[in-house]
Amino acid sequence: MKGVLLAGGTGSRLYPITHTGPKQLVPIANKPVLDYAIEDFIDAGITDIGVILGNKGREAIQQHLGDGSDYGVDITYIIQGDPLGLAHAVGCAKEFVGDESFVVYLGDDLMREGIEEMVADFDPEEYAAGIGLQEVDEPSRYGVVGRNDDDDIVELAEKPDDPPSNLALIGIYVFTPEIFDQIEALEPSWRGELEITDAIQGLLDDDRRVQSHVVHGWWKDTGKPSDVLHANRLVLDAIDRNLAGTVENKESVIGRVELHEGAVIENGAVVRGPVSIGADTRIGSGSYIGPYTSIGENSEIDNAHIEASVTMGDNEITADRTIVDSLIGRQAAITSSEDKQPTGDRMVIGRNSTLEL
């Protein structure tokens, strides 16, 4: 089985962070979102992966992933160009896929349980497709499915007033090559896009079976700043204490802290986990790094109080302020101005920004 990783979206919901880089490389606990998907493919035994690229962020993603050898996989890049819908992106993989079944994974999704069980359960002799699902509290806000007594999917509904179930689509699919005939027959939806749900509905209309797979662990779409912060929290909940860097006073490091090589926590700084601190970052004296925070690599933190936030790396944060629930882009600097008293600040800061507080 092959893997198809969709990485061609524009990331408009993550502006200003994605004005200068692709959303799929936004770090969660100091690892780009895209890397989690690659690891899930590997855990499921899939090492032949096609990465669908758009016009934006193409070079950065290719530079990050390379040919896949650093991950132990083979990567083929497939150019989608302008994003014209999920079905259009999947259709671009037809030549790469050939006659094999394949998994489609949205490049900005995170899953606690991965896709190993979903892949193992799929039988291409019985099913034309499989869909990853999760129970949700408000199904009328999602694309949801109806199932029969065999748990096969028999109905797809987009944000229905009267949902057939509380099972929402999460953006993970398994397909046989039959899906390409359905995609080629599609007309654009009211959004002007080729919808993958319409292609799956075509399979159902042709009396083909579509398997359901319910994911019971957490799943997270990282499309918005609040989603990134929530995903960071979920991932940090599972980290172990690992102090590969230098800690000048170990009593000041409390709980599960992941300190990457070359990073330094100076005497006088306090770090309370769960926290991830990237390589070659200095946490200076007088700083407090609170729970559910990820500090990116090559950063300088001095006299700042940071909690429940993500800094993406190459940052200078020396403002004598309390920063909470914030997403701070790469190479952004936050410094103090005179005659200001510390207060709590919440922010989303884009790349190469400089703030004086």
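Nothing in this text is a laboratory measurement; each read-out follows from the coordinates by a stated rule. This one's a predicted model, so the numbers in the text were calculated from it and none came from an experiment. Heads up, the Cβs are rebuilt from the backbone with ideal geometry, glycines too, and the neighbour counts pull from every protein chain shown.
If you take the Cα Rg of the chain and divide it by 2.2 N^0.38 Å, with N the number of residues, what do you get? Computed over Cα atoms of the chain, the ratio equals 1.07.
Listed peptides 25-33, 188-196 appear in the order 25-33, 188-196 once ranked by packing, highest mean of other Cβ atoms within 10 Å at the front.
Scoring 316-324, 92-100 by mean Cβ neighbours within 10 Å over their residues and listing the highest first yields 316-324, 92-100.
Pairs of lysine residues in the chain that meet both criteria, 8 or more places apart or on different chains and Cα atoms under 27 Å apart, total 20.
Stretched out fully, how many nm does the piece from Ser285 to Glu100 gain, at 0.36 nm a residue minus the Cα gap?
On the way: separation 185, 0.36 × 185 = 66.60 nm, distance 5.63 nm.
Result for the pair: 61.0 nm of gain on full extension.
Take every DSSP beta bridge whose two residues both sit in the chain; close to 25 percent of them are antiparallel.
Per-residue packing, averaged as other Cβ atoms within 10 Å, sorts the ranges 203-216, 163-176, 260-273 into the order 163-176, 260-273, 203-216, beginning with the highest. Between the amide H of Ile28 and those of Val33, distances stay under 5 Å, these residues lying 5 or more places away or on another chain, with hydrogens modeled in the peptide plane.
Full extension of the segment from Asp121 to Asp35, taken as 0.36 nm per residue of separation minus the current Cα-Cα distance, would add 28.6 nm.
With axes computed from alpha carbons, what is the tilt in degrees of helix 225-236 against the longest principal axis of the chain, rounded to the nearest 10 within 0 to 90? Helix 225-236 and the main axis of the chain meet at about 80 degrees.
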